[in-house]
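**Q** I have a structure I would like to understand better, so I am pasting it below and will then ask my questions one at a time.
The values are calculated or read from the model by the stated rules, or taken from the named source; none is laboratory data. Given the structure is predicted, the values throughout are model-derived calculations rather than measurements. Glycine also receives a Cβ, built like all others from the backbone with ideal geometry; neighbour counts cover every protein chain displayed.
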Amino acid sequence: MTLLVLLQEVVQAVVDLAPLAQLGAALAASIVTIGAALGISRIGSSALEATARQPEIAGNAQTSMIISAALVEGVSFFALVVCLLIAL
């Protein structure tokens, strides 16, 4: 009988923490979004700077920028999915 009571208390404690998990997931999702935006803007800024210094490498800089931005977006989408799974 005491094991059943203990398990019920554990379940109640987990249920009580669900709103905090959702709040943490929302906070993590916003941090991921801000971080991805800053990372992609930094990539774009560096690519434009490189093109301004050496206009002949504009094509290579643009290709590298697009690949890097796609990788950053992929990681941020993965993190957002994890945050959504935590919230559910």
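**Q** Could you list, in sequence order, all residues of region 42-55 that are free of Cβ contacts under 8 Å to residues at least 24 places away in the same chain and within 22 Å of Ile31 (Cα to Cα)?
**A** Looking only at region 42-55, we keep the residues that are free of Cβ contacts under 8 Å to residues at least 24 places away in the same chain, and these are 42, 45-55.
Selection gives Arg42, Ser45.
**Q** Okay, moving on. If Ser41 satisfies every condition in (1) modelled with pLDDT of 90 or more; (2) surrounded by 12 or more Cβ atoms within 10 Å (Cβ to Cβ) but one, which is the exception?
**A** (2)
**Q** Another question, if that's okay. Report every pair of residues separated by at least 6 positions or lying on different chains whose Cβ atoms are under 8 Å apart, first residue within region 56-74 and in contact (Cβ under 8 Å) with a residue 24 or more places away in the chain, second among the small types (Gly, Ala, Ser) and assigned to a helix (DSSP H, G or I).
**A** Note: pairs meeting the criteria are Ala69/Gly44; Val72/Ala36; Val72/Gly39; Glu73/Ala36.
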